[in-house]
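Notes to accompany the following structure.
The values are calculated or read from the model by the stated rules, or taken from the named source; none is laboratory data. These figures come from a predicted structure and were not determined experimentally. Virtual Cβ from ideal backbone geometry, glycine too; neighbours counted across all protein chains shown. We work out accessible area using only protein heavy atoms, side chains counted, and drop any ligands, DNA or RNA first. Shrake-Rupley method; radii C 1.70, N 1.55, O 1.52, S 1.80 Å.
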Amino acid sequence: MTGRVAVVLLCSMLASAACGCAPAHKTASGKASTVDVLYESDPQSAGKPSPPLEYWKGRKDLITAPLPPHPEALALPKIERFKLKNGLDVLVVARKDLPVASFGVAIKAGGYDEEKGKTLGVAGFAASMLRRGTQARSADQIAQAIDFVGGTLDTEASSESSTATCSALAKDSRLCLDLLADILLHPSFPEPEMAEVRDQLLASLNNRYDSPGQLASEHFDNLVFGEKHPDGWVLMPEDVQKITRDQLVTFWRAFYRPNNAMLAVAGDVDAQRLRAELEKSFGAWQRAETPPRAVPKIPELRETRLLLVDRPDLTQATVVLGHRGIRHADPDWYAATLVNYVLGGSDFSSRLMIEVRAKRGLTYGIGSSFGASLYEGAFRVTASTKNETVWDALLATVGELRRMKAEGPTASELAKAKGYYAGSYPFNLQTAAGIAASIVAAEQHGLGLGYVRELPLRLAAADEAAAKRVGGDRLHPDNLWVVVVGKAAEIEPQIVKAGIGYERINFKDPISYGARNRLRRSQQPAKP
């Protein structure tokens, strides 16, 4: 197409809508938002009549979209599974196509096993310290050993688990086993190395104030999950500062046990010979009972609440809104995943992108997610918009949530979603390491090998009736937490005009609402 495109945006606020329990809100004009796209005339085609519709009928030279892939079970390679004498569960996915071997140990030890006010941040700190020295190797010796063979050695922790992974050429797999066993069984947690890890964690915490998206997400998690849920806890610099070596050792001794872990091996390995090697490397790892983990609960929300986080230097706002979500192992997860794909999980073809961006021009980008978490997670919508159009974007977004809750996806939208997962899912599991990691994740969530093999089929089994039911049950457009990070001077008048209740804070104020409440109480004058 030649010629310039002129986009004329007739942007007025919605005739009537409400966010949660807010009253109906109208603009001065009372007209709905519309977007008209006008194309300037092409000088070369000026005056030429358009071909009649019959011209296009029966044409064989037109490009047509291919049919969506048919959902089918994934053809997995041979998978062998066994336990070592100490209870370590081992999963082997042997593939000879590339001379590479990958090893990953996943331990059920993470943020869910910390104690608020006592050991917050210990799981991540301990995982980072594993590579910082053992009884036999210093941090430099560990780094030099893996670098010499061109391999990788990584450790990290999440809310659900801690992982240690090593990859190298198959001929160097013995080194990977030695290093993994050494850092897991014999970490020394050297005091001199703690200072550098602490500084890295503190720098990461400070960076969140420079990232509106991260800041909005942390505020949202704190509000949705609450002060009694590990996912709602906010790690602060003072938490990191008070972590001691004794706490790291205690956490490691309590949770880093073979009967609390799974080892996934993938690549160019011999499963039969490997078993003896694993017994030699990990046989001295002693099993023990680990502390039980309480299942966290999300508090109920029966209204819409809005938090405005003022950062005056921002020219655009970041918005995160949502509510409690769903467990990965919940039978409704498959239908919820399809509903989310249609709503906001499919990039430019989602309802939210079409309505809020394409039709109304109110956002640079918007998407939604139910996630896939061990415990009940959060449903969230994330968007960015101009400061002056925050309320319009909120109204349009909530309107689409209401429509999905009331109507559910159409049959054609469901078919497209199923086709997407049928076509894309196999590409995520092209490597043996990817298959092994997926199986470990499924095992940790109680889903098993069948989930990895049959995911496209399980999604395809969710029909239109199930999707409509789940959309109606799992979406709550009138009970939302809304977090807006932006220039309050431009955003606040919109909220005041709408009549919805809100809280305004500075972007450097405590992220924890419990900490903010305590700060307010401490600043109140004493009663006479």
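For region 178-193 and region 402-452, write down the distance between their C-alpha centroids in whole Å. Between the Cα centres of region 178-193 and region 402-452 lies a distance of 37 Å.
For region 271-422, the dipole from Cβ point charges (+1 on Lys and Arg, -1 on Asp and Glu) about the Cα centre works out to 260 debye, to the nearest 20.
In a simple Cβ point-charge model (Lys, Arg +1; Asp, Glu -1; nothing else charged), region 286-350 has a dipole of about 280 debye relative to its Cα centre. The aspartates and glutamates whose alpha-carbon is closer than 20 Å to the alpha-carbon of Lys118, local same-chain residues fewer than 8 away aside, are Glu160, Glu191, Asp199, Glu227, Asp231, Glu238, Asp239, Asp246.
Relative contact order of the chain, taken over Cα pairs closer than 8 Å and 6 or more residues apart, is 21 percent. Between the amide H of Glu156 and those of Thr163, distances stay under 5 Å, these residues lying 5 or more places away or on another chain, with hydrogens modeled in the peptide plane. I need the calculated FRET efficiency for the pair Arg518 and Asn428, taking r as the beta carbon distance and R₀ as 56 Å, to the nearest 0.05. The formula returns an efficiency of 0.80 here. For the chain, the longest principal axis of the alpha carbon atoms and the long axis of helix 173-185 meet at an angle near 90°. Rounded to the nearest 20 debye, the dipole magnitude of region 157-262 is 360 debye, with +1 charges on Lys and Arg beta carbons, -1 on Asp and Glu beta carbons, and the Cα centre as origin. Couplings for region 441-453, taken from phi via the Karplus curve 6.51 cos²θ - 1.76 cosθ + 1.60 with θ = phi - 60°, read 4, 5, 5, 5, 9, x, 9, x, 5, x, 4, 5, 6 Hz in order; Gly and Pro are left as x. Packing, taken as the mean count of other beta carbons within 10 Å per residue, orders the peptides 113-121, 168-176 from highest to lowest as 168-176, 113-121.
Taking only the C-alpha atoms of region 164-245, the Rg (one decimal) and the largest Cα-Cα distance, Dmax (whole number), read 17.9, 50 Å. When you filter the trypsin sites (Lys or Arg not before Pro) in region 231-304 for DSSP loop state and at most 11 other Cβ atoms inside 10 Å of their Cβ, you are left with Arg302. Between helix 513-523 and the chain there is an angle of about 80 degrees, using the helix long axis and the longest principal axis of the Cα atoms. Each label was represented as a point 7 Å from its Cα along the Cα-to-Cβ direction; for Lys527 and Glu454 these points are 6.3 nm apart. Per-peptide packing, taken as the mean over residues of other Cβ atoms within 10 Å, places 373-382, 152-161, 479-488 in the sequence 479-488, 373-382, 152-161 from highest down. Here's the picture: a label point sits 7 Å out from the Cα of Arg275 along the beta-carbon direction, and within region 413-453 nothing has its amide nitrogen under 15 Å of it. Toward the positive end of the charge dipole of the chain, with +1 on the Cβ of Lys and Arg and -1 on the Cβ of Asp and Glu, the farthest Cα among Leu414, Thr431, Ala498 is that of Ala498. May I ask which residue of Tyr513, Ala170, Ala136 lies farthest towards the positive end of the charge dipole of the chain, with charges of +1 (Lys, Arg) and -1 (Asp, Glu) on Cβ and the Cα centre as origin? Highest projection toward the positive end goes to Tyr513.
For the chain, the normalised intensity computed at q = 0.05, 0.07 Å⁻¹ comes to -0.26, -0.51 (log10 of I(q)/I(0), Debye sum over alpha carbons, equal scatterers, no solvent). Between 0 and 90 degrees, the angle of helix 245-255 with respect to the longest Cα principal axis of the chain falls at about 90 degrees. Taking label positions 7 Å along the Cα-Cβ direction at both Thr410 and Lys242, the computed distance is 5.7 nm, reported to one decimal.
Computed over protein heavy atoms with a 1.4 Å probe, the carbon and sulfur contribution to the accessible area of the chain reaches 54%.
When the square roots of the Cα gyration tensor eigenvalues are ordered a ≥ b ≥ c, the ratio a/c for region 130-283 is 1.5 or more and a/b exceeds b/c, which makes its shape prolate. In this rough spin-label picture, where each label sits 7 Å from Cα along the Cβ direction, the Asp330-Asp199 distance is 4.5 nm.
Here the contact order of region 323-366, divided by its residue count and restricted to Cα pairs under 8 Å and six or more residues apart, works out to 20 percent.
Peptides 99-108, 465-474, ordered by how many other C-beta atoms sit within 10 Å of their residues on average, highest first, read 99-108, 465-474. Distance from the C-alpha centroid of region 209-281 to that of region 76-94: 22 Å, rounded to the whole angstrom. When the listed pairs Lys57/Lys359; Lys96/Lys416; Lys108/Lys297 are checked against a 26 Å cut-off, the alpha-carbon distance exceeds it for Lys57/Lys359; Lys96/Lys416. Straight-line cross-link reach from Lys418 at under 23 Å between alpha-carbon atoms covers these lysines, not counting any fewer than eight positions away in the same chain: Lys405, Lys468.
Taking every protein chain into account, the accessible area of the chain amounts to 49 square angstrom per residue (probe 1.4 Å).
Report the net charge of residues surrounding Gln247, where surrounding means a beta-carbon distance below 13 angstrom and charges are Lys +1, Arg +1, Asp -1, Glu -1. In short, -1.
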